[in-house]
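Just below is one structure, and these are the notes that go with it.
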Amino acid sequence: MFTLPDLDYGYDALGKYISKDIMELHHGKHHQTYVDKLNTALQQATDLQNKPVTELISNLEAVPEPIRTAVRNHGGGHYNHTLFWKFMSPDGGGEPSGALAEALQKKYGSFQEFMDAFSEKALGIFGSGWAWLQPDLSIVTTANQDSPVMNGGAAPLLGLDVWEHAYYLDYTYKRGDYVNAWWHVVNWQEVAERFQLA
């Protein structure tokens with residue numbers, strides 16, 4: 001059975017950028033709900049209960065049709081959010097260094113131009129979804145709780161949740177303000193390690 005992962009920091013650790021109230025709601029309620037509903041769905045397919053969530057959502061055709069949508073939505077939500085918490089840190093923000101910084105500069109011209117391109121993609125999502133930085137340094141988006149690993153894609157280096165539940169308490173309808181604030185907590189060390197492994 002899947003469980004809610006612990007955070008590497010407290011709910012109040014992201015300060016003025018992402019509030020304690022948002023973190024309590026987002027991690028403690030929304031992510032917990034994805035975990036609970038995924039576990040409920042898998043009660044109908046006990047042979048799948050011990051598989052990693054990555055395997056479940058990257059091979060949805062192997063999931064029985066009656067629970068496939070639930071596994072896609074709630075398994076995707078669990079996978080995406082488990083990554084999302086790692087992509088943020090109280091010591092985050094600033095700019096990456098080393099090979100990742102060099103690669104981003106080569107592809108986008110400058111770090112600022114990368115940030116602008118990523119933010120534009122995130123702000124261009126209609127409704128709920130995610131913006132992702134992929135190992136080839138392309139920027140892609142997915143709707144709802146879909147993930148790049150679905151249909152055999154690569155695991156992302158970085159991802160931003162732009163569902164309203166990620167920011168509405170702090171920023172109301174101002175998604176742009178949330179995206180701008182999020183850059184101040186991006187865990188570039190995590191991203192750089194993922195880039196090196198990829």
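To keep it simple, each residue is scored yes or no on (1) modelled with pLDDT under 95; (2) within 20 Å of GLU65 (Cα to Cα); (3) surrounded by fewer than 17 Cβ atoms within 10 Å (Cβ to Cβ).
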position: ASP21; (1), (2), (3): no, no, yes
position: GLY28; (1), (2), (3): no, no, yes
position: VAL35; (1), (2), (3): no, yes, no
position: THR40; (1), (2), (3): no, yes, yes
position: PRO52; (1), (2), (3): no, yes, yes
On the basis of being β-branched (Val, Ile, Thr), within 21 Å of TYR171 (Cβ to Cβ), touching a residue at least 60 places away in the same chain (Cβ under 8 Å) and outside any loop (DSSP other than H, G, I, E, B), does ILE18 make the cut?
no
State whether the residues of the stretch 123-132 include one that is surrounded by fewer than 18 Cβ atoms within 10 Å (Cβ to Cβ) and aliphatic (A, V, I, L, M).
yes
The number of residues in the stretch 13-49 that are more than 18 Å from PHE84 (Cβ to Cβ) and touching a Phe, Trp or Tyr at 6+ places or on another chain (Cβ under 7 Å) is 1
What tally of residues in the stretch 59-99 results from selecting those that are within 30 Å of THR46 (Cβ to Cβ) and touching a residue at least 24 places away in the same chain (Cβ under 8 Å)?
19
Would you check which residues across the stretch 184-198 are surrounded by fewer than 17 Cβ atoms within 10 Å (Cβ to Cβ), over 20 Å from THR142 (Cβ atoms) and among the hydrophobic types (A, V, I, L, M, F, W, C) and list them?
LEU197
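The values are calculated or read from the model by the stated rules, or taken from the named source; none is laboratory data. It should be emphasised that the depicted structure is a prediction, and the values quoted were computed from it without experimental measurement. Quick reminder, even Gly has a Cβ in these numbers, built from the backbone with ideal geometry, and neighbours come from all protein chains shown.
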